[in-house]
Amino acid sequence: MADADPVELFLDALWLESGLSENTLAAYRNDLQHFAVWLDAQARTLFQVQSQDISRYLAERHVQGCSARSDARLLSSLRRFYRYQLRERRMPYDPTVALDSPRLGRPLPGTLSEQEVEALLLAPDVTRVIGLRDRCMLEILYAAGLRVSELVGLEVQQLNRQRGLVRIIGKGDKERLVPLGDEALGWVENYLRQARPDLLRGHGGDALFPGQGGRPITRQTFWHRIKRYAAQAGIRRSLSPHTLRHAFATHLLNHGADLRVVQLLLGHSDLSTTQIYTHVARQRLKDLHAAHHPRA
């Protein structure tokens, strides 16, 4: 055990205690491993760190152009790591105690207008098997406000087509039921009948959206396809993997949905996480007012 990687030991404990997603654990791993490599160049280890070492590392990252948000995430990773080491009595002190987090503004999530979403949904060539699959994925992504990782991980048995619901297993293995709506359900039926059997090519598997050899399509592959479709649709603004999720939440609020309903649909454990979308909705109203009111 003495020779075990301290980062992996920490991540194993974190997964057992908090049930964090693979993506979150990968982010912690990336932050800690990069810091360990930097320390090695200073002839130090993760267990020999002082507060000034972390400050120097953050300063070097700043010179390299790293954002305040990236630094804040890094510091959060280090704090959690060193609190764990202190608790397990592997270190006599926590070197992050005296460090302040970088000050962050509260950026509004990027989103799309309803017209842009419509153009994006129309971009795939549904006469082709891959295009029909992608159209179905985009429809579900927007109709249910899913994370891309939740979408690509869907299995057929998570769909209740009779009731028009999809069962999502989100962060921390929390489950939620989300309605799909008639439009998305129609595309699901078309896809299951006309495209999925061809994609499986005789392979088994429960993946709702298989790629090669019946295996689920990856997050990265689908994200590249979204960007390609956005370019085809003439969407010039910057996109993120969460763009359609943000659009889902913003459009619901713009049409009068209750904030707590949106919270449940998104799978947010804390209402404050959802409240940022009220700022997006208010900003949209301000923009409309500024563009169209004669005395704006």
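A few notes on this one:
- Some residue of the stretch 165-174 being crowded, with 16+ Cβ neighbours inside 10 Å, in contact with a Pro (Cβ under 7 Å, 6 or more places away or on another chain) and either in the same structural domain as Ser240 (by TED's automatic domain parsing) or hydroxyl-bearing (Ser, Thr, Tyr) (or both): yes
- Pairs where the first residue, in the stretch 55-83, is touching a residue at least 40 places away in the same chain (Cβ under 8 Å) and the second is surrounded by 15 or more Cβ atoms within 10 Å (Cβ to Cβ) and not in a helix (DSSP H, G or I), C-beta under 6 Å, 6+ apart: Leu78/Thr96
- Restricting the stretch 1-51 to residues that are in contact with a Pro (Cβ under 9 Å, 6 or more places away or on another chain) and assigned to a helix (DSSP H, G or I), the residue that is surrounded by the fewest Cβ atoms within 10 Å (Cβ to Cβ): Phe47
- Qualifying residue in the stretch 82-89 (condition: out of contact with any helix residue (DSSP H, G or I) (no Cβ under 8 Å at 6 or more places or on another chain) and either hydrophobic (A, V, I, L, M, F, W, C) or surrounded by 17 or more Cβ atoms within 10 Å (Cβ to Cβ) (or both)): yes
- Note on the stretch 229-242: residues that are closer than 14 Å to Ala119 by Cα and touching a residue at least 12 places away in the same chain (Cβ under 8 Å) total 7.
- Cβ-Cβ under 6 Å pairs, at least 6 apart or on other chains, the stretch 148-173 side part of a helix (DSSP H, G or I), far side surrounded by fewer than 16 Cβ atoms within 10 Å (Cβ to Cβ) and among the acidic types (Asp, Glu): Val156/Asp206
The values are calculated or read from the model by the stated rules, or taken from the named source; none is laboratory data. Not measured: the values here are computed from a predicted model. Glycine gets a Cβ as well: all are built from the backbone with ideal geometry, and neighbour counts include every protein chain shown.
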